[in-house]
1. Filter the range 171-201 down to residues that are part of a loop (DSSP other than H, G, I, E, B) and in contact (Cβ under 8 Å) with a residue 60 or more places away in the chain and give me whichever is surrounded by the fewest Cβ atoms within 10 Å (Cβ to Cβ).
2. Regarding the range 135-156, can at least one residue be identified that is surrounded by 13 or more Cβ atoms within 10 Å (Cβ to Cβ) and more than 30 Å from Val45 (Cβ to Cβ)?
3. Consider only pairs whose beta carbons are under 6 Å apart and that are at least six residues apart or on different chains; among these, list those whose first residue lies in the range 132-159 and is farther than 11 Å from Ala116 by Cβ and whose second residue is surrounded by fewer than 13 Cβ atoms within 10 Å (Cβ to Cβ).
4. Out of Val106, Val68, Val121, I need the residue that is surrounded by 17 or more Cβ atoms within 10 Å (Cβ to Cβ) and either of a type in the set (Val, Ile, Thr) or modelled with pLDDT under 90 (or both). Which one?
5. Exactly one of (1) loosely packed, with under 11 Cβ neighbours inside 10 Å; (2) within 18 Å of Ala79 (Cα to Cα) is unmet by Pro218. Its number?
6. For the list (1) closer than 21 Å to Arg144 by Cβ; (2) at pLDDT below 95; (3) within 15 Å of the chain's Cα centre (by Cα), I need the number of the one condition that Asn76 fails.
7. Take Glu98 and tell me if it is touching a residue at least 40 places away in the same chain (Cβ under 8 Å), surrounded by 12 or more Cβ atoms within 10 Å (Cβ to Cβ) and either within 26 Å of Ala50 (Cβ to Cβ) or of a type in the set (Ser, Thr, Tyr) (or both).
8. Among the candidates Ala113, Ala77, Ala73, Ala104, which residue alone is without any contact (Cβ under 8 Å) to a residue 40 or more places away in the chain and assigned by TED's automatic domain parsing to the domain that holds Ser54?
Amino acid sequence: MLVLVMWSTHSDEQTSARKVCARHHWEVWHVATSSAGRDIFDIVVIGGGAAGLSGAKITARSRRSVLVIDSGAPRNAPAEGVHNYLYAEGTSPAKLGEIGRTEAAVYGVQVVAGSATSATVIDEPGEGQPRFTVTIAGQDGGARTVWARRLLLTTGLVDVLPDIPGVVQRWGRDVLHCPFCHGWEVRDRAVGVIGTGPMAFAHRAAFRPTHRRCRLLPAHRPGPH
């Protein structure tokens, strides 16, 4: 069966696009290979959350070999459910990750449980050869080194919480960080915005549409949690 793809551009745009394709070797179907004891992937994704799995799935659908390194500690782990995701409203972060890994696996994405401890650029790798080495500390205690033609960093963020008793224990339940992710679930309740920086004023304004009582509570600078 012949599949036609419509691509309407001017001649100069087509010439430029061909140069881009040639430069990135998009016409080549790379696969995970093992050469001289090396595990080589087209793309290594560091971070196995929603962003990392989405990127892995997209690139794998373009017939790229993809390895995802997942530490299993997403930022939203304490939350009961995610919101503003189509078809996933209220789904727990753990379940969302499970769905993402299952979908990515259909296209050959490999996921390893562990953390990337180092990434090194290879000098003068040669045409089509890996450009990075990545060392992985597996959650099983083992270590592994892989080679990658490209790296995708989706490590996310780490929340730095103020040194206030009870905040860490209630984080993601009664202590929230995003009016768009959690504001609806606590609508019409009294809300206090802990002010640890100038963005606290913006947070207070963002909570106002869903909360009639919203106060700014100045606090000292964040601690090392």
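The values are calculated or read from the model by the stated rules, or taken from the named source; none is laboratory data. Quantities reported herein were computed from a predicted structural model and do not represent experimental measurements. With ideal geometry, Cβ positions are generated from the backbone for all residues, glycine too; neighbour counts draw on all protein chains shown.
1. Restricting attention to the range 171-201, the residues satisfying the condition of being part of a loop (DSSP other than H, G, I, E, B) are 172-174, 176-178, 183, 187-190, 196-199.
Adding the requirement that they be in contact (Cβ under 8 Å) with a residue 60 or more places away in the chain leaves 172-173.
On the way: Gly172: 16, Arg173: 11.
For the range 171-201, the residue satisfying everything is Arg173.
2. For the range 135-156, residues surrounded by 13 or more Cβ atoms within 10 Å (Cβ to Cβ) and more than 30 Å from Val45 (Cβ to Cβ): absent.
3. Cβ pairs passing all conditions: Trp147/Arg38.
4. Values: Val106 fails: surrounded by 17 or more Cβ atoms within 10 Å (Cβ to Cβ); Val121 fails: surrounded by 17 or more Cβ atoms within 10 Å (Cβ to Cβ).
Every option except Val68 fails the conditions.
5. Of everything listed in (1) loosely packed, with under 11 Cβ neighbours inside 10 Å; (2) within 18 Å of Ala79 (Cα to Cα), Pro218 misses just condition (2).
6. (1)
7. On the way: touching a residue at least 40 places away in the same chain (Cβ under 8 Å): no; surrounded by 12 or more Cβ atoms within 10 Å (Cβ to Cβ): yes; either within 26 Å of Ala50 (Cβ to Cβ) or of a type in the set (Ser, Thr, Tyr) (or both): yes.
When the stated conditions are applied, Glu98 does not pass them.
8. From the options Ala113, Ala77, Ala73, Ala104, the qualifying one is Ala73.
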